[in-house]
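**Q** Sharing a structure below in structure tokens format, with a few things to ask.
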Amino acid sequence: MKILITGGAGFVGSHLADKLHNEGHEITIIDDLSTGRYQNVAHLEGKEGFRLIIDTVLNEKLMEELIRETDRVFHMASAVGVKLIMEHPVKTIETIFRGTDVVLGFCSRYRKRVLIPSTSEVYGKGASIPFREEDDLLTGSTDKHRWAYACAKTLDEFLALAHWKETRLPVAVVRLFNTVGPRQTGQYGMVVPNFVKSAIKNEPITVHGDGSQSRCFGHVLDVVEGLTKVIETPECFGQVINLGNSEEVTIKGLAEKAIEMTGSTSEIRYIPYSEAYGEGFEDMQRRVPSLDKAKRIIGYEPTRTLEKIINDVAEQFREEVKSETANA
Ligand code: UDP
């Protein structure tokens, strides 16, 4: 099959490209390399059945051509990371909503199967744990920029479901919970790469707040398996489905685990949120997915644990630190 992955040089998109290319599909990636990295897909370049186009999903003429000729679209292009969102709120809103509008418009015109990733951020400050797809969404006021990301993604969801409602566009929405693993950079603030990299370098690990907030981390390889099943399962069209892992850990607990598993001498430092993100920041205390729907519809069952995640990420950073030292 011909498969188009927008944002395919990004963290999740590049793992998706690997899996689908291995299965023998013809992969086209469009990525503007804003947060994606060429090195994530460098190993695929030159291989048969792989094409990288460096451009933006806002190039409508190109997007029309690419969508017309493909069988499936995974729209993985998006602004990512709380840090980026706090620093570039205008770009975040524009990229997310305009990009999805372009993709859905052409998928509708040419009747193509499409997957729109959303985020667990949309649950916002919801307190009913675990988060279920039909729950109310509770974000903060508009002067707290963090919530711009959740609201832009919520609008993407509405638009996708509207296309399904009006013309039965085969579109599925997936809410990704904290997805981590090799190739994710700490540059945009994500906690796992930051902690593991600091641990390996024996540098202080910075915990925001008191570290009692918790998250559930899903291994990117589990998530990617889920994504490919969703697009191939017609029952998923017109649906919103959580994907991730439901094993919960506090951020303090994560820091301790990263130190223990890497044999690090790092100390843990606690800093206020305002120091990390500036004023106007609100965190989510807990974020736990209900995976019942994913299990029921696509048989989703993540198998990779937090230990496996830390080991895989540590392995990547050890290589990177080794080559940094060799080049120094
Ligand atoms: N966090 C932290 N230190 C860091 C990066 C993040 O304590 O160096 C915290 C962050 O404030 C949040 C949690 O870890 O409470 C998860 O942050 P991340 O940005 O990875 O994801 P999200 O906030 O979107 O769940």
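**Q** Hey, which lysines would be in cross-link range of Lys47, C-alpha to C-alpha under 29 Å, not counting anything within fewer than 8 residues on its own chain?
**A** Filter leaves Lys2, Lys19, Lys61, Lys112, Lys229, Lys322.
**Q** Can you list residues from other chains, or at least 5 along the same chain, whose modelled amide H is less than 5 Å from the amide H of Gly124?
**A** Leu138
**Q** Now a separate question. Spelling out what I want: for every residue of region 309-326, take phi, set θ = phi - 60°, compute 6.51 cos²θ - 1.76 cosθ + 1.60 (Karplus), and round to whole Hz; glycine and proline get x.
**A** Working through the residues one at a time gives 4, 4, 4, 5, 5, 4, 4, 4, 5, 4, 4, 5, 5, 4, 6, 4, 5, 5 Hz.
**Q** Moving on. Can you give the local net charge around Trp147? Use residues other than it whose beta-carbon is closer than 11 angstrom to its beta-carbon, Lys and Arg +1, Asp and Glu -1.
**A** +1
**Q** Taking region 165-218, which trypsin sites (Lys or Arg not before Pro) meet the DSSP loop condition and have no more than 12 other C-beta atoms within 10 Å?
**A** Arg168
**Q** For the chain, what is Rg from Cα atoms divided by 2.2 N^0.38 Å, rounded to two decimals?
**A** Details: Rg = 19.2 Å, N = 328, 2.2 N^0.38 = 19.9 Å.
Output field value: 0.96.
**Q** Could you work out how much longer the chain between Glu23 and Asn311 gets when fully extended? Use 0.36 nm per residue separation minus the Cα distance between them, nm to one decimal.
**A** Numbers: separation 288, 0.36 × 288 = 103.68 nm, distance 2.59 nm.
Taking 0.36 nm per residue and subtracting the Cα distance, the gain is 101.1 nm.
**Q** How about region 280-328: which GluC sites (Glu not before Pro) there are in a DSSP loop, with at most 16 other Cβ atoms within 10 Å of their Cβ? Intermediate values should be presented prior to the final figure.
**A** Working: sites: Glu282, Glu307, Glu315, Glu319, Glu320, Glu324; in loops: Glu282.
Answer in residue order: Glu282.
**Q** Heads up, I need the accessible area for Ser323: 1.4 angstrom probe, whole protein in place, Å², nearest 10.
**A** 60
**Q** Kindly provide the helix-only [θ] at 222 nm of the chain, computed as the sum of -39,500 (n - 2.57) over DSSP H runs of four or more divided by all residues, to the nearest 500 deg cm²/dmol?
**A** Numbers: 11 runs with 139 residues, N = 328.
Roughly -13500 deg cm²/dmol at 222 nm, from the helical runs in the chain.
**Q** Please name whichever of Leu33, Leu16, Thr305 sits farthest to the positive end of the charge dipole of the chain, dipole taken about the Cα centre and charges placed at Cβ: Lys and Arg +1, Asp and Glu -1.
**A** Value: Leu16.
**Q** Suppose all protein chains stay in the model; what accessible area per residue would a 1.4 Å probe give for the chain, in Å²? Don't jump to the answer; show the numbers that get you there.
**A** Values: 14400 Å² over 328 residues.
Roughly 44 Å² per residue, with all protein chains present.
**Q** Now for a separate question. If you build a Gaussian network model of the chain, linking Cα atoms that sit under 10 Å apart, which residue out of Asn59, Asn40, Asn202 swings the most?
**A** Evaluated over the chain, the most mobile residue of the options is Asn59.
**Q** Under a plain spin-label model, where a point goes 7 Å from the Cα along Cα-to-Cβ, how far apart in nm are Arg318 and Glu166?
**A** 5.4
**Q** While we're looking at this one, here's another question. Output ³J(HN,Hα) for region 51-66: one whole-Hz value per residue in order, computed from phi by the Karplus curve 6.51 cos²θ - 1.76 cosθ + 1.60 with θ = phi - 60°, and x for Gly and Pro.
**A** Result, ordered by residue: 9, 10, 10, 8, 6, 9, 5, 7, 7, 5, 4, 5, 4, 4, 4, 5 Hz.
**Q** I'd like the carbon and sulfur percentage of the solvent accessible area for the chain, probe radius 1.4 Å, heavy atoms only, ligands and nucleic acids excluded.
**A** Exposed carbon and sulfur together represent 49 percent of the surface.
**Q** Among Gly209, Ser118, Ser323, whose Cα sits farthest toward the positive end of the charge dipole of the chain (+1 at Cβ of Lys/Arg, -1 at Cβ of Asp/Glu, about the Cα centre)?
**A** Value computed over the given set: Ser118.
**Q** So which lysines pass the test for Lys125, namely a Cα distance under 24 Å, with those fewer than 8 places away in the same chain ruled out?
**A** Output for Lys125: Lys83, Lys91, Lys144, Lys153, Lys252, Lys293.
**Q** Once R0 is set to 45 Å, what does the formula 1/(1 + (r/R0)^6) return for the Cβ-Cβ distance between Asp143 and Arg269, expressed as a FRET efficiency to the nearest 0.05?
**A** With R0 = 45 Å, the Cβ-Cβ based efficiency is 0.95.
**Q** State, in angstrom, two size descriptors of region 141-186 derived from its alpha carbons: Rg to one decimal place and Dmax to the nearest whole number.
**A** 14.4, 40
**Q** In the full protein assembly as shown, how much of His88 is accessible to a 1.4 Å probe, in Å² to the nearest 10?
**A** 100
**Q** Looking at region 103-209, which GluC sites (Glu not before Pro) are DSSP coil and have at most 13 other C-beta atoms within 10 Å of their C-beta?
**A** Counting only loop positions with at most 13 other Cβ atoms within 10 Å, the GluC sites (Glu not before Pro) in region 103-209 are Glu134.
**Q** With a 1.4 Å probe and every protein chain left in place, tell me how much accessible area Tyr273 has, in Å² to the nearest 10.
**A** Only protein atoms counted, so the area is about 60 Å².
The values are calculated or read from the model by the stated rules, or taken from the named source; none is laboratory data. It should be emphasised that the depicted structure is a prediction, and the values quoted were computed from it without experimental measurement. Neighbour counts are summed over all protein chains in view; Cβ atoms, including those assigned to glycine, are modelled from backbone coordinates with ideal geometry. Heads up: the accessible areas ignore ligands, DNA and RNA and are worked out on the full protein's heavy atoms, side chains in. Shrake-Rupley method; radii C 1.70, N 1.55, O 1.52, S 1.80 Å.
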